[in-house]
Amino acid sequence: MKEQFIIRFRDQKFRYQADVKTFSIDEKTIYDVHYSLVPYVHPARRVQVYSGSGHGPVVYWRQRITNQEDELLPQEFIEAIGYAIEQSRE
């Protein structure tokens with residue numbers, strides 16, 4: 001069963017809102033994020049992210065590329081999405 005929730009986050013000076021759906025691949029939780037600028041709800045853009053571990057207890061967020069048309073987003077943007085997901089899970 002897919003879980004669905006809404007997050008809000010900032011990147012630089014811009015505010016975003018996103019609908020997030022979760023699913024699993026090989027026991028890894030993938031977050032399918034449809035985001036847009038606030039207050040403009042449409043058109044939404046899509047990115048898939050997942051959490052990864054590094055050295056120590058730190059969580060690193062990564063983008064999942066599924067096809068050639070996917071745009072590689074800045075790591076800071078992916079981290080902002082990941083942090084908002086973490087905050088919504090608490």
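The values are calculated or read from the model by the stated rules, or taken from the named source; none is laboratory data. Everything numeric here is computed off the predicted structure, so don't read it as measured data. Reconstructed Cβ throughout: ideal geometry from the backbone, glycine too, with neighbour counts over all protein chains shown. Just so you know, the surface numbers come from the protein's heavy atoms only, side chains and all, with ligands and any DNA or RNA stripped out. Shrake-Rupley method; radii C 1.70, N 1.55, O 1.52, S 1.80 Å.
Of a type in the set (Val, Ile, Thr), touching a helix residue (DSSP H, G or I) at 6+ places or on another chain (Cβ under 9 Å) and more than 21 Å from residue 4 (Cα to Cα) - does that describe any residue in segment 33-54? No, because not a single residue in segment 33-54 is of a type in the set (Val, Ile, Thr), touching a helix residue (DSSP H, G or I) at 6+ places or on another chain (Cβ under 9 Å) and more than 21 Å from residue 4 (Cα to Cα). Residues of segment 1-34 that are surrounded by fewer than 18 Cβ atoms within 10 Å (Cβ to Cβ) and under 17 Å from residue 90 (Cβ atoms): 3, 5, 6, 8, 22, 29.
Conditions tested, residue by residue: (1) open to solvent by 20 Å² or more (accessible area, probe 1.4 Å); (2) out of contact with any Phe, Trp or Tyr (no Cβ under 6 Å at 6 or more places or on another chain); (3) at pLDDT 90 or above.
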site	(1), (2), (3)
52	no, no, no
56	yes, yes, no
65	yes, yes, yes
73	yes, yes, yes
79	yes, no, yes
83	yes, yes, yes
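A search for C-beta distances below 9 Å between a residue of segment 67-90 that is touching a residue at least 60 places away in the same chain (Cβ under 8 Å) and any residue that is open to solvent by 60 Å² or more (accessible area, probe 1.4 Å) and of a type in the set (Val, Ile, Thr), counting only pairs 6+ apart in sequence or on different chains, returns 88/6. Going through (1) open to solvent by less than 70 Å² (accessible area, probe 1.4 Å); (2) modelled with pLDDT of 90 or more one by one, residue 44 falls short only on (2). Residues in segment 24-33 that are touching a strand residue (DSSP E or B) at 6+ places or on another chain (Cβ under 8 Å) and modelled with pLDDT under 95: 24, 28, 29.
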